[in-house]
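Structure record follows, encoded as structure tokens.
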Amino acid sequence: MVQTLFQKFLIMMDLLGTQSGRFRILAFAEGTSLLLIIFITMPIKYLLDIPEPNKVLGLLHGLFFIMYVFAVIQIKIEKAWKMKTMLLALLASVLPFGTFYFTSRLLPKEKDQE
């Protein structure tokens, strides 16, 4: 198990070393925070009348979302993405599971370019 955790750590370090890898991590964080808001904190807020978790996670999600948008714009400029690709990336950020689908379908094609 220690070797498995170490291997995962090495994979994460490899991801941090590339622009696409950092984008994948950010997309994962943005997508996960959106799902947590929709399926966990919103029901807690409206069914149990406890708004605090939604406020905290909403702030984190907002930060991830802004960082994601800036990252999409940066990658569009640096990697000369087509306007369609950029718009799909931005659309993915507002759809549940969208960032996961986008990164799994588009970014593997770019891996060879780095």
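Just so it is clear, none of the values below were taken in a lab; they were calculated from the coordinates. For clarity, every value in this text was computed on a predicted model and none was experimentally measured. No Cβ is skipped: glycine too gets one built from the backbone with ideal geometry, and neighbour counts run over all protein chains shown.
For the reader, a short list of remarks on this structure follows.
- Cα gyration tensor shape for the chain, rounded if a/c is under 1.5, else prolate or oblate: oblate
- Per-pair calculated FRET efficiency, R0 = 22 Å: T32 and I11 via Cβ, rounded to 0.05: 0.80
- Note on K82 and I44: with the Förster distance fixed at 35 Å, the Cβ-Cβ geometry gives a FRET efficiency of about 0.30.
- Modelled spin labels at R22 and V94, positioned 7 Å past Cα toward Cβ, are 2.6 nm from each other.
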